[in-house]
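Below is one structure; the comments refer to it alone.
Coordinate-derived values only; no laboratory data. Source: prediction; values computed, not measured. When we count neighbours, we look across all protein chains shown, and the Cβ atoms used for this are built from the backbone with ideal geometry, even at glycine.
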Amino acid sequence: MTTIDTKPVDQARLEAFVGQAVFDMAAAISGLLLHIGDRLGLYKAMAGAGPITPATLAQRSGTAERYVREWLSNQAAGGYVVYDPAHGTFELPPEQAMVVADETSPVFLAGAFESIASCYADHDALVDAFRTGAGVGWQEHDDRLFSGVLRLFRPGYAAHLVDEWLPALDGVVDKLRSGASVADVGSGLGASTIIMAEAFERSTFVGLDPHEPSIVAARKAAAAAGVGQRTRFEVATAKDLPGSGYDLICLFDCLHDMGDPVGAASHAREALAPGGTWLLVEPFANDKLEDNLNPLGKLFYAASTLVCTPTSLSQDGQAALGAQAGEARLREVAEQAGFASFRRAAETPFNLVLEGKR
């Protein structure tokens, strides 16, 4: 017989939690509207335009005024745009524009909402995975996951990779300037590889990813960026990394997605040249769960549940580190793989930047 907990309800706590749930409901459905606004170019049409009416925005963006008016009202309620009741106009402030309209901004986040939309589209597969314990492969997700991840991560890489993260590594920038051999494992659509290739013209780069459509797109992006002659992209897993003698092997936001991270790290260590460097960039996390119970942890644990853990469980090894593995657990992986040293080289509010030496 089931025992029912008859503990008295704290009315104040109940009301506070209902308020929290309503806030989350509003955020969840408004995220879809943000994705729609991004997809239709509504934010870009508002950026720098000053106060604007729904009719003018609709005309500029090729959309229907009635929908735009309702969308703007939601955006005003959420603080994304500012409403002037005296004139019936809406304005996108420059600070908000950096987050939702400017794809070169280091704080551009519209790609995150694109990725989140993909997770809603994958709902049935994720429900089945919860029931069976099976994985959901990266390639099984809605295509918006791939494009959204690119748009989410690329601004941060552009802002930090060349100017902060690589200089924080021991002797790596000098090697890159002289001409180094670099592998970018889990390169996806190629953003990190291309950024490095643009900065270091004497070095050569290979990007690897098991998702063939991403590799095809990366090749096209490298050619468009003018770095096609010193980059190549291949369909391969981390443990299929070809060749050896690499001066630098990078893994950007992908080790925790792998079924066998120790195996991937071991193969990388063996492929490094003497004195070579393993660059590991992972989502920021403290080592204890209780220290990650904050808005960023909420976001990263959600992404881990819907994308990262299912991806790992779809592969041999099924390690399922999760996106909040933390430095101590990542150090264990590096030590098991045989790295002689491992340290935190840099960090941002969103990333841990870790260096392993052969």
The chain: relative contact order as a whole-number percent, Cα under 8 Å and 6+ apart: 12
For the ranges 65-74, 341-350, what's the packing order if you count other beta-carbon atoms within 10 Å of each residue, average per peptide, and put the highest first? 65-74, 341-350
Report the full-extension gain for the segment Met25 to Asp84: residue separation times 0.36 nm, less the Cα-Cα distance, to one decimal in nm. 18.6 nm
Specify which residue in the list Thr277, Ala238, Cys254 is farthest towards the positive end of the charge dipole of the range 220-358, using unit charges on the beta carbon of Lys, Arg (+1) and Asp, Glu (-1), about the Cα centre. Thr277
How much length is gained if the chain between Asp10 and Asp240 is pulled fully straight, taking 0.36 nm per residue apart and subtracting their Cα-Cα distance, in nm to one decimal? 77.1 nm
Burial order of peptide ranges 182-191, 125-134, 274-283 (average beta-carbon count within 10 Å, highest first): 182-191, 274-283, 125-134
Simple spin-label estimate for Glu103 and Ser178 in nanometres, 7 Å along Cα-Cβ: 3.8
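Mind running the shape call on the range 39-163? Use the C-alpha gyration tensor, a ≥ b ≥ c as the square roots of the eigenvalues: rounded below 1.5 for a/c, prolate if a/b tops b/c, oblate otherwise.
Oblate shape, in that a/c is at least 1.5 and b/c is the bigger or equal ratio.
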So between Ala121 and Gln336, what do we pick up on full extension, going 0.36 nm a residue minus the alpha carbon distance? 73.7 nm
For the range 8-162, build the charge dipole from Cβ charges (+1 Lys, Arg; -1 Asp, Glu) around the Cα centre, then report which of Gly31, Ala101, Ala49 sits farthest towards its positive end. Ala49
Expected vector for the range 36-44, Karplus 3J(HN,Hα) from phi with 6.51, -1.76, 1.60 and θ = phi - 60°, integer Hz, x for Gly and Pro, equals 5, x, 5, 5, 8, x, 5, 5, 5
Once the Cβ-Cβ distance between Asp170 and Glu95 is put in as r, and R0 is 51 Å, what FRET efficiency do you end up with, to the nearest 0.05? 0.85
Work out the charge dipole of the chain with +1 on the Cβ of Lys and Arg and -1 on the Cβ of Asp and Glu about the Cα centre, then indicate which of Thr132, Val353, Pro167 is farthest towards its positive end. Pro167
Using unit Cβ charges (K, R positive; D, E negative) and no other charged atoms, how large, in debye to the nearest 20, is the dipole of the range 29-96 about its Cα centre? 200
Explain nothing, just the number: dipole magnitude of the range 249-358 about its Cα centre with +1 on each Lys and Arg Cβ and -1 on each Asp and Glu Cβ, in debye rounded to the nearest 20. 200
Run the dipole for the chain about the Cα centre, Lys and Arg Cβ at +1, Asp and Glu Cβ at -1, nothing else charged, and hand back the magnitude in debye, nearest 20. 540
What FRET efficiency would be calculated for the residue pair Glu140, Ala302, taking the C-beta separation as r and a Förster radius of 22 Å, to the nearest 0.05? 0.75
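Could you work out the helix-only [θ] at 222 nm for the chain, with each DSSP H run of four or more residues adding -39,500 (n - 2.57) and the total divided by the number of residues, to the nearest 500 deg cm²/dmol?
-14000 deg cm²/dmol
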How far, in degrees from 0 to 90, does helix 212-225 lean away from the longest principal axis of the Cα atoms of the chain, to the nearest 10? 90
Modelled label-to-label distance, Ala225 and Val18, 7 Å Cα→beta-carbon offset: nm? 5.2
Cross-link list Lys44/Lys220; Lys44/Lys175; Lys220/Lys298; Lys7/Lys298: which exceed 30 angstrom alpha carbon to alpha carbon? Lys44/Lys175; Lys220/Lys298
Pop a pseudo-label 7 angstrom from the Cα along the beta-carbon direction at both Thr53 and Asp291 and give the gap in nm to one decimal. 5.6
To the nearest Å, what is the center-to-center distance of the range 58-129 and the range 160-205, using C-alpha atoms only? 34
